[in-house]
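Step one of this worksheet: look at the structure below.
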Amino acid sequence: MRHVLTLSLACGSLAAPALAAELEACRNLLDQRNALSEQAMKAEIALIRTIRERICPLLSQQADRANANDRNEQTIDYQALIECRHKAEEQLLRSQRVLYVNRQRFRFYTAAGAELARQADGLMQPLRDRECSQLR
């Protein structure tokens, strides 16, 4: 019994560094995927914002000023802002083709956003291969 316990402790101490290294690799992959996803989303947000600014320039300026002002002293018609965003999204759907749809079904219209989203989705297989599901 004593030899079995000693062997178990020895194996456990050898496995701990390997497990820590695997966990670190999973975290790195997940961080990389999240960074790519964030950059992809920013590209699409910038596009829809440009369209929104063209459709509703005054409302867009008010929203920008309110976002820049920490005290938020200016009141905004949020319903009008939401409606303007919906109009911008509708215009985008009519005027540009979808370049990529990611795993979460988000549509990408910009080349940069589509490429970054593809890269982020491409990291899902290595995450599965490493059995990194505990981190997602």
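The values are calculated or read from the model by the stated rules, or taken from the named source; none is laboratory data. Predicted model only: the values in this text are computed from it and were never measured. With ideal geometry, Cβ positions are generated from the backbone for all residues, glycine too; neighbour counts draw on all protein chains shown. Note: accessible area is taken over every heavy atom of the protein model, side chains too, but ligands, DNA and RNA are not part of it. Shrake-Rupley method; radii C 1.70, N 1.55, O 1.52, S 1.80 Å.
Miscellaneous remarks
Results for (1) modelled with pLDDT under 90; (2) open to solvent by 90 Å² or more (accessible area, probe 1.4 Å); (3) acidic (D, E), shown as yes or no for each residue.
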{"position": "Q39", "(1), (2), (3)": "no, yes, no"}
{"position": "L47", "(1), (2), (3)": "no, no, no"}
{"position": "E53", "(1), (2), (3)": "no, no, yes"}
{"position": "R65", "(1), (2), (3)": "yes, yes, no"}
{"position": "Y78", "(1), (2), (3)": "yes, yes, no"}
{"position": "R85", "(1), (2), (3)": "yes, yes, no"}
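- The stretch 89-105 - residue that is surrounded by 15 or more Cβ atoms within 10 Å (Cβ to Cβ) and either out of contact with any Leu (no Cβ under 9 Å at 6 or more places or on another chain) or polar (S, T, N, Q) (or both) and, of those, nearest to I48 (Cα to Cα): Q91
- Residue in the stretch 111-121 that is touching a strand residue (DSSP E or B) at 6+ places or on another chain (Cβ under 8 Å), assigned to a loop (DSSP other than H, G, I, E, B) and not hydroxyl-bearing (S, T, Y) present: no
- Within the stretch 67-76, the residues that satisfy the criterion of being more than 27 Å from G113 (Cα to Cα) and exposed (fewer than 14 other Cβ atoms within 10 Å of the Cβ) are N69, D70, R71, N72, E73, Q74, T75.
- Members of the stretch 87-110 that are within 16 Å of the chain's Cα centre (by Cα) and outside any loop (DSSP other than H, G, I, E, B): Y100, V101, R107, F108
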